[in-house]
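Worksheet for the structure shown next.
The values are calculated or read from the model by the stated rules, or taken from the named source; none is laboratory data. What you see is a predicted model, and the numbers here were worked out from it, not measured in a lab. Reconstructed Cβ throughout: ideal geometry from the backbone, glycine too, with neighbour counts over all protein chains shown. Protein only, heavy atoms only, side chains kept; ligands, DNA and RNA dropped before computing areas. Shrake-Rupley method; radii C 1.70, N 1.55, O 1.52, S 1.80 Å.
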Protein chains: 4
Amino acid sequence: MFYQHVVQCLENRGVKIEEIARLVYELQAPYISELEMEECIESVQSVLKKREVQHAIITGISLDQLAEQRLLPEPLQTIMEVDEPLYGVDEILTLSIIHVYGSIGLTSFGYLDKDKQGILRKLNNHDKQIHVFLDDLVAGVAAAASARIAHDYPDVERYFTDRARDQQGSFMN
Amino acid sequence: MFYQHVVQCLENRGVKIEEIARLVYELQAPYISELEMEECIESVQSVLKKREVQHAIITGISLDQLAEQRLLPEPLQTIMEVDEPLYGVDEILTLSIIHVYGSIGLTSFGYLDKDKQGILRKLNNHDKQIHVFLDDLVAGVAAAASARIAHDYPDVERYFTDRARDQQGSFMN
Amino acid sequence: MFYQHVVQCLENRGVKIEEIARLVYELQAPYISELEMEECIESVQSVLKKREVQHAIITGISLDQLAEQRLLPEPLQTIMEVDEPLYGVDEILTLSIIHVYGSIGLTSFGYLDKDKQGILRKLNNHDKQIHVFLDDLVAGVAAAASARIAHDYPDVERYFTDRARDQQGSFMN
Amino acid sequence: MFYQHVVQCLENRGVKIEEIARLVYELQAPYISELEMEECIESVQSVLKKREVQHAIITGISLDQLAEQRLLPEPLQTIMEVDEPLYGVDEILTLSIIHVYGSIGLTSFGYLDKDKQGILRKLNNHDKQIHVFLDDLVAGVAAAASARIAHDYPDVERYFTDRARDQQGSFMN
Ligand SMILES: [Ca+2]
Ligand SMILES: [Ca+2]
Ligand SMILES: [Ca+2]
Ligand SMILES: [Ca+2]
């Protein structure tokens with residue numbers, strides 16, 4: 001398992017866990033009044049402990065770094081340098097992160113990626129470094145961590161369970 | 001092929017092709033100054049001609065309708081009635097639409113789904129009808145049609161091609 | 001959470017947890033000599049406790065049942081009755097199950113689906129019932145449970161970790 | 001567009017279009033008696049003309065080559081050298097190829113990947129070269145090309161259309 005390594009990699013690339021957690025907080029705070037940053041940090045850490053997530057991050061950051069060092073074969077080197085808008089491998093890799101906590105993270109990902117706030121804005125404006133993969137990976141981790149928190153707040157589900165039980169007996173468990 | 005049927009289905013559920021094309025226009029106009037509604041309409045039509053897209057729409061709208069008629073077995077009936085936020089099958093089905101024109105549509109989808117403008121806002125506020133699937137399907141079609149247009153405007157790519165050619169000869173075709 | 005409900009649903013449709021576990025055993029036994037059925041059963045149960053998986057199964061089985069009762073709107077009713085080979089919503093829904101334990105389950109799914117052994121063969125030969133979704137869902141659960149077991153046997157990883165440590169110090173954790 | 005470049009890349013890595021087409025033929029011949037190799041070759045070429053597919057192949061082959069040259073940062077270098085079975089980025093990238101012709105290619109992919117015949121067996125036994133990505137990419141292209149052919153043989157659909165029309169009038173087009 002590469003948890004420490006991945007955290008270190010992200011830091012080396014300018015991304016702190018707290019900054020990802022901040023994105024999670026912004027996404028979920030409107031829906032969960034008692035939410036605290038502590039919990040968002042924990043959720044990001046959980047996501048980063050998943051092997052699937054680690055493999056995606058390790059691969060994506062490697063490609064960003066190799067592009068900076070101009071070690072990629074062409075035409076990949078140029079695709080990465082110009083951040084070709086039709087290149088979708090970064091989104092594909094990110095999907096595998098999002099799926100770890102189910103499909104409900106999809107919406108948050110797209111929103112973060114379009115809205116570019118916080119750390120995502122910072123990554124985007126860095127013009128000496130190449131962040132083709134990093135920005136999407138970070139948005140993906142935030143989306144997954146956000147989905148994980150949503151799964152932990154079963155308010156809607158509780159209401160739903162009660163109502164369903166009233167209507168037709170208890171088929172749930 | 002079910003093209004006419006799908007167009008009819010969408011209209012019956014309150015969605016005109018022009019309204020989906022409007023979402024496409026809003027997404028792409030900032031990047032493509034010469035874009036016209038005509039082209040967005042055509043792009044939506046192309047997306048709706050794909051079998052994968054037709055199957056997703058036919059299935060999703062059927063589920064919405066069956067929920068309105070209270071014909072779904074429990075607990076699915078209740079999940080649909082309360083539009084359970086943790087239910088992600090609507091997003092999953094939509095992914096299969098988006099993938100038809102590549103992963104770059106992912107971002108647009110999330111943005112549309114979060115931002116809820118135009119027809120999406122209308123679908124969301126309709127409280128007599130059940131639109132658990134329809135809103136996502138419409139956003140998915142708009143995202144795919146938007147990706148299709150992006151693929152047709154190779155400006156960035158042209159720049160990119162020229163530049164790459166200068167650097168190392170012509171490996172492209 | 002719908003765990004008991006989902007187990008019951010599967011049994012009502014002719015699928016016992018042990019039969020899914022049998023598929024898992026066949027998939028993994030060649031690689032893990034000490035594997036026991038007990039563990040495969042446990043792994044299937046874990047997969048069935050995931051909300052994403054429950055939602056997919058609940059939706060897919062509902063569609064199979066509504067098709068048997070001839071309650072689906074056309075053309076979906078006919079698509080389901082003839083088990084249209086170009087209809088891919090069943091595969092799409094199954095993907096959301098497989099992704100729960102990472103992409104390595106993909107291969108197993110395709111193999112099971114093509115090879116049709118055990119319970120899958122039984123489901124396939126049942127001509128009074130409609131199993132458009134059920135066969136794929138069961139193969140998906142078996143593939144995910146199989147991936148989950150692979151993640152628990154870190155033999156390869158252990159070898160890998162040792163070797164990597166020898167080479168460049170400990171970046172892993 | 002990188003069509004010629006991608007064909008060249010594949011050849012440099014030991015994969016001829018005819019060999020991929022052979023896999024397609026084996027997959028589809030049992031279902032389509034009049035199928036000829038010519039058509040399978042054409043279908044593979046069509047798949048390789050899709051930008052999404054080109055990006056996936058360019059990225060995957062680059063990673064294989066960089067691993068052979070020992071240029072990848074650790075731990076990715078070691079993951080690639082030992083072909084870590086829990087590393088799923090190769091499958092993820094392949095998914096983006098398969099999705100280009102719809103989800104029905106999923107089954108074929110898994111089958112090819114498990115069954116390892118023809119060119120896939122050859123790639124697997126090459127122990128001097130690293131083919132972590134290449135084997136999956138080739139299976140993905142074959143699966144997509146195979147799905148594309150299935151979409152072109154609407155026998156089942158024709159039967160289905162006739163039958164549905166008899167039953168409830170013409171909603172199809
Ligand atoms: Ca990116
Ligand atoms: Ca929805
Ligand atoms: Ca099926
Ligand atoms: Ca591989």
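Shown here for region B:11-101: GluC sites (Glu not before Pro) in loop regions (DSSP other than H, G, I, E, B) with at most 16 other Cβ atoms within 10 Å, namely B:Glu34, B:Glu36.
Of the listed residues C:His55, B:His151, the order by accessible area with a 1.4 Å probe, largest first, is B:His151, C:His55.
Inter-chain Cβ neighbour count for A:4-10, averaged per residue, equals 3 (cutoff 10 Å, partner chain atoms only).
Rounded to the nearest 10 degrees, the angle from helix B:37-48 to the longest Cα principal axis of chain B is 60 degrees.
Hey, quick one: spin label on C:Arg121, modelled 7 Å out along Cα-Cβ, who in region C:6-37 has an amide N within reach, i.e. under 13 Å? Label zone hits: C:23. Among C:Met80, A:Met37, the order of accessible area from largest down is A:Met37, C:Met80, computed with a 1.4 Å probe on protein heavy atoms. Model label points for A:Met1 and B:Tyr153, set 7 angstrom from Cα along the Cα-to-Cβ axis, are 4.6 nm apart. Counting only other chain Cβ atoms within 10 Å of each residue's Cβ, the peptide D:79-85 averages 5. Does anyone have the angle between helix C:134-152 and the longest principal axis of chain C? Alpha-carbon axes, 0 to 90°, nearest 10? Between the helix axis and the principal axis of chain C, the angle is about 10 degrees. Springs between Cα atoms under 10 Å define the GNM used for chain C, and in it the highest mean-square fluctuation of C:Val132, C:Val100, C:Val82 occurs at C:Val82.
By the Kirkwood approach, averaging reciprocal distances over each pair of separate Cα atoms, the protein assembly as shown gets a hydrodynamic radius of 25.6 Å. Of D:Lys50, C:Lys49, B:Lys128, the order by accessible heavy-atom surface (1.4 Å probe, DNA, RNA and ligands excluded), from most exposed downward, is B:Lys128, C:Lys49, D:Lys50. Leaving ligands and nucleic acids aside, the D/A contact buries around 2200 square angstrom of accessible area in total at a 1.4 Å probe radius.
To the nearest 10 square angstrom, what accessible area does C:Arg121 show with a 1.4 Å probe? Roll a 1.4 Å probe over it and C:Arg121 shows about 130 Å².
A:Val15 sits with roughly 0 Å² accessible to a 1.4 Å probe, with DNA, RNA and ligands left out of the calculation. Paramagnetic label reach from A:Arg70 (point 7 Å along Cα→Cβ; backbone nitrogen cut-off under 18 Å): within region A:103-141, residues A:127-131. Considering only chain B, the C-beta nearest to the rotation axis that sends B to D is found at B:His99, 2, the distance in whole Å.
Once both labels are positioned 7 Å from their Cα atoms along Cα-to-Cβ, the gap between D:Ser33 and B:Glu18 label points is 5.2 nm. Could you give the distance between the Cα centres of region A:48-95 and region D:15-79, to the whole Å? The two parts, judged by their Cα centres, are 20 Å apart.
All alpha carbon pair distances within region A:2-170 were sorted into 5 Å bins beginning at 0; the resulting P(r) in whole percents reads 1, 9, 17, 21, 18, 12, 8, 5, 3, 2, 1, 1, 0. Distance between the 7 Å Cα→Cβ label points at D:Gln45 and D:Glu26: 2.4 nm. Computed with a 1.4 Å probe on the full set of protein chains, the accessible area for A:Cys40 sits at about 0 Å².
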